[in-house]
Amino acid sequence: LILRDLLTGTKRLGELRSSLGNIPPKTLTERLRNLEEQGALDRVQFPEIPPRVEYTLTDKGRALGAIIDAMAHWGETWT
């Protein structure tokens, strides 16, 4: 779901948290760190107060878009 949301463009942590519903903040942060370690997204932290962090898919992450689209199509067809 994180990848799906980032396919539409760069998002801030609050935007992701809102779109994902009741995901605990710790879980979201862990998933984002894991995706960053895997090279699927980039994290940019701005030196501001309050802190601002933005997440953007890398080329590797955007390549998953075709798979996510295929899964959505399958779900629409078979559910």
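The values are calculated or read from the model by the stated rules, or taken from the named source; none is laboratory data. Bear in mind the structure is a predicted one, so any value in this text is a computation, not a measurement. Methodologically, a virtual Cβ is constructed for each residue, glycine included, from the backbone with ideal geometry; neighbour enumeration extends over all protein chains shown. Quick note on the areas: whole protein, heavy atoms, side chains included, nothing else; ligands and nucleic acids left out. Shrake-Rupley method; radii C 1.70, N 1.55, O 1.52, S 1.80 Å.
Give the residues of segment 16-45 that are touching a strand residue (DSSP E or B) at 6+ places or on another chain (Cβ under 9 Å) and either of a type in the set (Gly, Ala, Ser) or surrounded by 11 or more Cβ atoms within 10 Å (Cβ to Cβ) (or both), sorted by residue number. Step through it out loud before you land on a result.
Filtering segment 16-45 down to residues touching a strand residue (DSSP E or B) at 6+ places or on another chain (Cβ under 9 Å) leaves 16, 19, 32-33, 35-36, 40-45.
Answer for segment 16-45, where residues must be touching a strand residue (DSSP E or B) at 6+ places or on another chain (Cβ under 9 Å) and either of a type in the set (Gly, Ala, Ser) or surrounded by 11 or more Cβ atoms within 10 Å (Cβ to Cβ) (or both): LEU16, SER19, LEU32, ARG33, LEU35, GLU36, ALA40, LEU41, ASP42, ARG43.
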Subject >> Where a residue in segment 55-79 is more than 14 Å from THR10 (Cβ to Cβ) and touching a residue at least 12 places away in the same chain (Cβ under 8 Å) and its partner, wherever it lies, is open to solvent by less than 50 Å² (accessible area, probe 1.4 Å) and hydroxyl-bearing (Ser, Thr, Tyr), with Cβ under 8 Å and at least six apart >> reply: none
Original post:
Within segment 27-46, which residues are within 24 Å of ASP69 (Cα to Cα) and either part of a helix (DSSP H, G or I) or of a type in the set (A, V, I, L, M) (or both)?
Top reply: LEU28, ARG31, LEU32, ARG33, ASN34, LEU35, GLU36, GLU37, ALA40, LEU41
Subject >> First in segment 1-26 and under 18 Å from ALA66 (Cα atoms) and assigned to a helix (DSSP H, G or I), second anywhere and open to solvent by 80 Å² or more (accessible area, probe 1.4 Å) and not polar (S, T, N, Q), Cβ under 7 Å, 6 or more apart >> reply: ILE2/ARG31
**OP:** Taking PRO50 as meeting all but one of (1) within 18 Å of LEU16 (Cβ to Cβ); (2) outside any loop (DSSP other than H, G, I, E, B), write down the number of the exception.
**Re:** (2)
